[in-house]
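See below for the structure under consideration.
The values are calculated or read from the model by the stated rules, or taken from the named source; none is laboratory data. Nothing here was measured: the structure is a model prediction, and the numbers come from that model. All Cβ positions, glycine included, derive from the backbone under ideal geometry; neighbour counts span all protein chains shown. Note: areas computed on protein heavy atoms with side chains; ligands, DNA, RNA excluded. Shrake-Rupley method; radii C 1.70, N 1.55, O 1.52, S 1.80 Å.
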Amino acid sequence: MKRILLIIGLLFITYHLTGQDLMNKSEFTKYVLKETSKTNQKVRLLVFDKLILGSKFNNLSFLHSLKDEYPAYKSKPEQLPSIVARFIARFGSIYALNPTYKIDTTQIVPLLKPKEFLNKTLTFDEEKVVSKEFNKDLVIIYVENQEKGYNGYRFFSTKELERIGLNEDNMHALALKNLQGLLPDLSEYTLDRPVYRMYRAVGKSKGSKYLSSLLLLPEFLANEKNRLNQDLVIGIPKENQLIIAGKKNKQGIREMKMYARMNYYLKKDQLLTKKLYRYNGEQLKKY
C-alpha cells in the first residue's frame, strides 16, 4: 500500500513539474515580452497574437515569431532563460545602431508635428532629433522619407546630419526642394467644396503624408492667396490634410471650426492642432 502511495505521489510531482507549471502559448508570449522589454526600453513591444510579438521604434515595425522558441521551451522548460536570451539577442540586432548608415539626402523632407511630440521622439543613437520651431504650437521635424515602416519615414539625429556634411540651414532648403519633388502636382489631392478647399491624402501616394508641410512653401501660400484674392484662413488637422478658405468666407470658416470639433479630432494621436491660422501674404499667424 505504501509503495502504491509513493508511486502516486511521484506521478503527481512529475505532472506538477512537467505539465501544470508549463506556460501556455499566451503566457509564454507575455513572459517573453516582459523579459525583452527589460533589456530595451526604447522599443515599443506588444502582443500581436499567440506566439507573435510586434515591435515599433523610429517608424520601423516588425513582427517576431516565437513558434520555434515555444516548442523548445515545452520540451526543455529548464532551458527557458537561455531560450529567451537567444530571442533577445536576435531581437536586439534588428534595432541596433548602424554606425555606417548614411541618410539619403534626396529623401530628407519636413514634417509638422505638435511641439510636445519632441518629448517622445527617439533616434537610434539617442541624440537630439533634428527639428526647428514653426510656431508656438508646432515644430518642423526633418525626416528621411522611406517606403518601409508603419508611417513611412525615419527620424534622424543631429549627429547623423553631421556625418553627411549638412547643417540645419542648408538642410532646410534641401528639404523644401525634396518636398516639391514629392508633390509636383497637387491636383490629385485637391477637393473643392462650396465654401473651402481641402488637400487630403489619396490612396498610397508617396507624398500625401506631408501635405500639411505645404505651408512651408511660400509659393504655395502665394498661389492660394491669389486664387481667392484675399487673406487665407487655414486649418491644419493632420499631417496629410489642409483646409483653406478665404478670410471673408464666414460660412467656410464656420464649417472649418465645426469640422475641427466633430470629425477630424476623434483620434488625439493624429491631431496637429485644432487652431486655425491666418495668412496675410507675409506671415502665418493664429486666427
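Is it the case, given these coordinates, that Tyr210 is part of a strand (DSSP E or B), surrounded by 19 or more Cβ atoms within 10 Å (Cβ to Cβ) and in contact (Cβ under 8 Å) with a residue 12 or more places away in the chain? Taking the combined requirement at face value, the residue does not satisfy it. Counting only strands (runs of 3 or more DSSP E) wholly contained in the range 43-117, the ones carrying 3 or more residues that are closer than 30 Å to Lys177 by Cβ occupy 108-114. Pairing residues of the range 37-55 that are in contact (Cβ under 8 Å) with a residue 12 or more places away in the chain and within 24 Å of Asn24 (Cβ to Cβ) with residues that are assigned to a loop (DSSP other than H, G, I, E, B) and open to solvent by less than 70 Å² (accessible area, probe 1.4 Å), at Cβ distances under 8 Å and at least 6 apart in sequence or on separate chains, gives Leu51/Leu66; Ile52/Leu66; Leu53/Leu66; Ser55/Val43; Ser55/Tyr95.
Checked against the criterion of being surrounded by 19 or more Cβ atoms within 10 Å (Cβ to Cβ) and out of contact with any Phe, Trp or Tyr (no Cβ under 6 Å at 6 or more places or on another chain), the range 189-197 has at least one qualifying residue.
When the range 124-165 is limited to residues that are small (Gly, Ala, Ser) and over 12 Å from the mean Cα position of the chain (by Cα), the one that is most open to solvent (accessible area, probe 1.4 Å) turns out to be Gly165.
Out of Lys238, Lys257, Lys204, one residue alone is part of a loop (DSSP other than H, G, I, E, B), in contact (Cβ under 8 Å) with a residue 12 or more places away in the chain, open to solvent by 40 Å² or more (accessible area, probe 1.4 Å) and on the phi < 0 side of the Ramachandran plot. It is Lys238.
Given the structure, is Thr106 polar (S, T, N, Q), in contact (Cβ under 8 Å) with a residue 40 or more places away in the chain and open to solvent by 50 Å² or more (accessible area, probe 1.4 Å)? Here the answer is yes, as Thr106 does meet what is asked. When the residues of the range 63-85 are filtered to those that are open to solvent by 80 Å² or more (accessible area, probe 1.4 Å) and touching a residue at least 12 places away in the same chain (Cβ under 8 Å), the one that is nearest to Lys159 (Cα to Cα) is Leu63.
When the range 222-235 is limited to residues that are assigned to a helix (DSSP H, G or I) and among the polar types (S, T, N, Q), the one that is nearest to Asn151 (Cα to Cα) turns out to be Asn223.
Pull up the range 92-103, narrow it to residues that are touching a strand residue (DSSP E or B) at 6+ places or on another chain (Cβ under 7 Å) and open to solvent by less than 50 Å² (accessible area, probe 1.4 Å), then point me to the one that is modelled with the lowest pLDDT. Steps first, please.
Of the residues in the range 92-103, the ones touching a strand residue (DSSP E or B) at 6+ places or on another chain (Cβ under 7 Å) are 94-95, 103.
Filter again for open to solvent by less than 50 Å² (accessible area, probe 1.4 Å), leaving 95, 103.
Numbers: Tyr95: 83, Ile103: 90.
Across the range 92-103, the extreme among qualifying residues is Tyr95.
Residue count for the range 21-36, restricted to those that are part of a helix (DSSP H, G or I) and open to solvent by 40 Å² or more (accessible area, probe 1.4 Å): 7.
Quick one: is Leu186 within 26 Å of the chain's Cα centre (by Cα), under 26 Å from Ile141 (Cα atoms) and modelled with pLDDT of 95 or more? Please lay out each step first, then the result.
On the way: within 26 Å of the chain's Cα centre (by Cα): yes; under 26 Å from Ile141 (Cα atoms): yes; modelled with pLDDT of 95 or more: no.
No: the conditions fail for Leu186.
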